[in-house]
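K.L.:
Sharing a structure here in structure tokens format.
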Amino acid sequence: MSVISNFVASPHGRSQSVANFAERKLKCQSVFGVNLRTSRPYENGGFHVPRLSLGQSSGVAKRSSVRMALVDERLARGRDVAEPSGVLACDLVQGALVRWSAAMDKSMPEPPTAVLLHGILGSRKNWGTFARRLAQAFPTWQFLLVDLRCHGDSASIKKRGPHTVASTALDVLKLVGQLRITPRVLVGHSFGGKVVLSMVEQAAKPLARPVRVWVLDATPGKVRAGRDGEDHPAELISFLSKLPKEVYSKREIVSGLIQEGFSRDVAQWVVTNLKPASPPGLSSSNFSWVFDLEGIAEMYQSYEETNLWRLVENLPRGVHVNFLKAERSLHRWALEDIQRIHAAEELASDGGGGVEMHVLEDAGHWVHADNPDGLFRILSSSFQGF
């Protein structure tokens, strides 16, 4: 198994592209700032990997050329595709039988790929352990872990607003196009669940290849806050915005969050977003936040406002959406949500798509931490048969 990362922090705070194959760290070609020349439509296992029609009104979006398995518009022969100078920080976890990289000749078919997205105030590290387990069980697959805009290492890659579910989805579409990856599976937790739905919504139709989508503990529409005594993301973001940009002790932050009524699990998870404030080699007891909290606040507001029920109830052919509800979810699924998803199951089957509902037992909202074994069993069906 190997892990390829497109981002590491340098002592001067700039990003560098590196590849980490097992225990060896080798320099690799950067995926940022590269002009990709396409001499012919790229073929993968009999499928053409086409270009995404972004459907954006701005001039910048109209000039962007992004390719993904979700779309059915082929690249023009001999066209130069200019990619942006920076998209998102990511890791590519590859199974032991994968022998592929974005720098290889385009005639080499890529392995089946899954994209795993985190939620608000998370990072790609949230999926690290689980992705490595998947790579061990399914050695012909690779798994792309992404830091969404304003989060983790991607916070240093400045993005223009608005910071929304839709713009976040477009970032990921640009990234997979730049890496020449055509995902067969999209997995998103919480906020990331709406992001993967938005990726499908923004893709040109008809789809070039069937895609399985997993929305983990999120609904397509209304976001319902937890009950009294449970954690509220909006209140958490508000509390964090009052803290200084540099802090002296992770333990004090944990204590402060607990005193404000947040759970210990959430408090300990939040401080994973702290990093040493000084560059490597210089001693300092201070820590700084890795995220852009103002951008994240805007993203969470968009998460509350974004409604993707229309997509779920009118799925394009070839898309299978799986909703997973955590049994002890803080998210508080309403009966109307569950009934509407079950109704969408029948509509999707008639239209060539698919909708399915799952329940993960013995798990709260943090499904991949609370019951990783159960989540693994449920998700495994998407990676079998390749």
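The values are calculated or read from the model by the stated rules, or taken from the named source; none is laboratory data. Keep in mind the model is a prediction, meaning the values are calculated, not measured. Don't worry about glycine lacking a Cβ; one is built from the backbone with ideal geometry, like all the others, and counts go over all protein chains shown.
K.L.:
Out of (1) part of a helix (DSSP H, G or I); (2) modelled with pLDDT of 90 or more; (3) farther than 30 Å from Thr140 by Cβ, what's the single condition that is false for Leu375?
P.N.:
Condition not satisfied by Leu375: (3).
K.L.:
Please go through segment 272-327 and give me each residue that is part of a loop (DSSP other than H, G, I, E, B) and within 30 Å of Ala343 (Cβ to Cβ), ordered by number.
P.N.:
Thr306, Asn307, Leu308, Glu313, Asn314, Leu315, Pro316, Arg317, Gly318, Glu327
K.L.:
Restricting segment 227-242 to residues that are assigned to a loop (DSSP other than H, G, I, E, B) and surrounded by 15 or more Cβ atoms within 10 Å (Cβ to Cβ), which is modelled with the highest pLDDT?
P.N.:
Filtering first and then ranking leaves His232.
K.L.:
Scan Gly177, Gly193, Gly221, Gly188 and give me the residue that is closer than 16 Å to Tyr300 by Cβ and in a helix (DSSP H, G or I).
P.N.:
None of the others qualify; the one that does is Gly193.
K.L.:
For segment 369-386, does any single residue satisfy the condition of being under 30 Å from Gly161 (Cα atoms) and within 19 Å of the chain's Cα centre (by Cα)?
P.N.:
no
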